[in-house]
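Okay, so here's the structure we're looking at.
Here, each number is a calculation from the coordinates, and none is a lab measurement. Owing to the predicted nature of the structure, the values given are computational and were not obtained by experimental measurement. All Cβ positions, glycine included, derive from the backbone under ideal geometry; neighbour counts span all protein chains shown.
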Amino acid sequence: MKIVTDIQQHLKQTNSVEKLIYVNVAFFLVTVLFKNFVTHWFALPAAYGELVSKPWTLITYAFVHSRLFHILSNLIILYYIGHLFLNFFSSKKLVVYYLMGLLVGGLMFVSYYSFSDAATSFSLIGASAAVTAILIGLATKIPHYAIRLRFIGSVELWILAAIWIVLSAFTAAGINAGSGIAHLGGALTGFLLTSYLNEGAFLVNLLSFTPKRKKTPFKNVYKNKVKTKQSYRHKKENQQRVDKILEKISKSGYDALNKEEKEFLFNQKGEN
């Protein structure tokens, strides 16, 4: 059918942020039609015993939203912060931050209710932990990047991140504590990935894995040491230039870059 072909073609042209948004919207529409079924089988239970019987919920919960405002708030943040994220990270890194944020957030949620004396517990739904990982990961890399907000003006990312964490901490101290705990788990994930885990490079390599082709018996591979050294020197010089540009952004904001610097940073993003 032509409509299916058109949809497939459109999806091929979308970036990772838009693909995640489409998946969330599709899941939301199914939830509206079959709310009890979806929440029972795909929301994350608070007890380890139930999680063992439904292990897939550790991932699927992040795509379940029961209220329109809930999904809108998450997807609006994902849209704007996610596209900004792609200016400084690769698409595969965005997926890594998203998945690791929801996994760590989900595990912290289950751990909280399994080891605390909380009188009430709820199943966890929503992409907040995953989105938080992207927000905090980006704010950790470019804390002084300023975003213009309507009616407010320019606000640096570290301030937005701090406000988000404080609100999550208040939530963690309230009735729906598990939700706040999950948000904090996502925040911790984003911070650690950017600061100490090389932006999830190991997991990015897993996503980039392609099987090696079988070598033919008569095919010899020759490595040119001179080219290898030149390639290493080229990568090192590029990284030094990227570091200088990021330092400039941190001090003066993205708008302070000239056209050449913006193009260079954009081209380097695709090589990560």
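Would you mind checking the stretch 102-143 for residues with the amide N under 12 Å from a putative spin-label position 7 Å along Cα→C-beta of His70?
122-128
Work out how much length Thr14 to Arg148 would gain on full extension: take 0.36 nm times their residue separation and subtract the Cα-Cα distance, in nm to one decimal.
45.7 nm
Give the angle, between 0 and 90 degrees and rounded to the nearest 10, that separates the Cα long axis of helix 68-85 from the longest principal axis of the Cα atoms of the chain.
20 degrees
Hey, in the GNM for the chain with a 10 angstrom Cα cutoff, which one of Thr132, Thr189, Thr57 fluctuates hardest?
Thr57
Need the list of aspartates and glutamates near Lys141 for cross-linking: C-alpha distance under 14 angstrom, and skip anything on the same chain fewer than eight residues off.
Glu156, Glu199, Asp243, Glu247
For the chain, set up a GNM with springs between Cα atoms under 10 Å and report which of Ile152, Ile77, Ile245 has the largest fluctuation.
Maximum fluctuation in the GNM of the chain, among the listed residues, is at Ile152.
With a point put 7 Å past each Cα toward its Cβ, work out how far Ser195 is from Val155 in nm, to one decimal.
Rounded to a tenth, the inter-label distance reads 2.2 nm.
What number do you get for the chain when its Cα radius of gyration is normalised by 2.2 N^0.38 Å, N = residues?
Scaled against compact globular proteins, the figure is 1.15.
Which pairs in the list Lys93/Lys244; Lys12/Lys93; Lys19/Lys259; Lys12/Lys54; Lys12/Lys244; Lys92/Lys251 are over 24 Å apart, alpha-carbon to alpha-carbon?
Lys19/Lys259; Lys12/Lys54; Lys12/Lys244; Lys92/Lys251
Label points 7 Å out from Cα along the Cβ direction at Val52 and Phe264: separation in nm?
Here the modelled spin labels are 5.6 nm apart.
At 0.36 nm per residue, and after removing the present C-alpha to C-alpha distance, how many nm does the segment from Ile59 to Leu167 gain when stretched out fully?
In short, 36.5 nm is gained.
Relative contact order for the chain: what is it in percent, counting Cα pairs under 8 Å that are at least 6 residues apart?
Result for the chain is 20 percent.
Pull out a ≥ b ≥ c, the square roots of the eigenvalues of the alpha-carbon gyration tensor of the stretch 136-192, then state rounded if a/c is under 1.5, prolate if not and a/b is larger than b/c, and oblate in the remaining case.
Oblate shape, in that a/c is at least 1.5 and b/c is the bigger or equal ratio.
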